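What follows is a set of notes on a single structure, which appears directly below.
All of the numbers you see were taken from the coordinates with simple rules; none came from a lab. Keep in mind it's a predicted model, so treat the numbers as computed, not measured. FYI the Cβ positions are ideal-geometry reconstructions off the backbone, even for glycines, and counts take in every protein chain you see.
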Amino acid sequence: MRIPFISMFVTSPFEGLQEHAQKLEDCALIFQQAMECYISEECERFEEFRSEIDRLEDEADAIKRRIRGHLPKGTLLQFDKFELFRFLGEQDNVLDAMEESLDWISIRSDLGIPQPLINDIKVLVDAITSAIEELSKMVAEARKYFTNLSENQRDVVKEIIHNLRQQEHEADKLEDRFKQKVFDSVSDPVTVFHLVRMAEIIGKIADHAENAGDMMRAMIAK
């Protein structure tokens, strides 16, 4: 009879992973609000939202350090602990990319988004937010799998990982479309560079979410 590994020790590392994933969801909401503020010509709260992202990122870093520092030696895991750390690193990179995006925008935060590009950036941000929500859901479902080792539950996690890949692919297409429209509609080279780089950094959020999914797939494969 297979004994679920989580029953072998008191504290599951997935408690911390899920707590960390919740910080991602919290940041995603603030990130979306910050982007809406940046797009709006009337909003003056961009720096407030940016500071809130910084605060949540600091809290997430504390959770990350706790997970890495308090995994007991000899803990029986269904996977290599370094796979756990790599997954946590990719999940943390999602947060870092959100923070980096707002830091980059802040360089020219008074300029906003040209009117022809507003809908495209909104759609891209929505896609990124959906990917983060899916990532958080994946962690919750993976925690259930490692509690009961059910093959049906494993399939649930694999389906979410598949969804993450699809969302990252869609985000890539939206990023490319936005950049093409920048070149088609903006003439100032500095503005072109700023907007293209902004789209690339935002796109990295989905890239890291997909990478986290790939790490999780390796963890549930054993």
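The table that follows gives values for the structure above.
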quantity	calculated
Partnerless Cys - the chain, beta-carbon criterion under 4.7 Å	C27
Net length gained if the chain between A62 and F183 were fully extended (0.36 nm per residue, minus Cα distance)	39.5 nm
Listed residues I132, I202, I107, most fluctuating in the chain (Gaussian network, C-alpha, under 10 Å)	I107
Simple label model, 7 Å out from Cα along Cβ direction - D126 to K81, nm	4.4 nm
Theoretical ellipticity at 222 nm over the chain - DSSP helices of four or more residues, -39500 (n - 2.57) apiece, nearest 500	-28500 deg cm²/dmol
Cross-link pairs beyond the 28 Å C-alpha cut-off, checked among K137/K173; K81/K179; K23/K81	K81/K179
Two-site label geometry, L29 and R108: point separation in nm, points 7 Å out along Cα→Cβ	3.2 nm
Region 160-191: GluC sites (Glu not before Pro) in DSSP coil with no more than 16 other Cβ atoms inside 10 Å	none
Loop GluC sites (Glu not before Pro), region 19-49, which have at most 16 other Cβ atoms in a 10 Å radius of their Cβ (DSSP)	E41, E42, E44
Straight-distance crosslink candidates among aspartates and glutamates, where the alpha carbon sits under 18 Å from K158 and sequence neighbours closer than 8 are dropped	E83, E90, E133, E134, E141, E168, D207, E210, D214
